[in-house]
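Inspection log for the structure reproduced underneath, given as structure tokens.
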Amino acid sequence: MPLADGEAYTFSQITRLLGVGQGLLQAEGVIYLAGSGSTPDPHGAPAAWKKAGEEVEQIGKFSALIKKEKTGKEHYILLEYNVAMKNP
């Protein structure tokens, strides 16, 4: 998602992933924003970012519907992606 505010680093993490049948997965997660020049580990936890002195802000949440393809390899298709941004 473009934010048009310089060198900000936007990333997200899945916080909940559930199988809902027929090869479908329902994901929920958080969208984060780190300031210009920040390099937090996108796989890390908020406590680790804080300890490292990284300023990371939660700016929204998302939900997604994902389909696991049966091709012999691990292959996933994003079918739906919904974003709920925090109000400024």
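We did not get these values from a lab; they are worked out from the coordinates using the rules stated. These numbers come from a predicted model, not from an experiment. Every residue, glycine among them, receives a Cβ derived from its backbone with ideal geometry; neighbour counts consider all protein chains shown.
Listed values, structure above:
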| item | result |
| --- | --- |
| Selection within the stretch 14-56 - surrounded by 12 or more Cβ atoms within 10 Å (Cβ to Cβ), part of a strand (DSSP E or B) and not β-branched (Val, Ile, Thr) | Leu17, Leu24, Leu25, Gln26, Ala27, Glu28, Gly29, Tyr32, Leu33, Ala34 |
| Near pairs, Cβ below 8 angstrom, 6+ apart or cross-chain, from the stretch 71-86 (surrounded by 11 or more Cβ atoms within 10 Å (Cβ to Cβ)) to any residue that is in a loop (DSSP other than H, G, I, E, B) | Val83/Met1 |
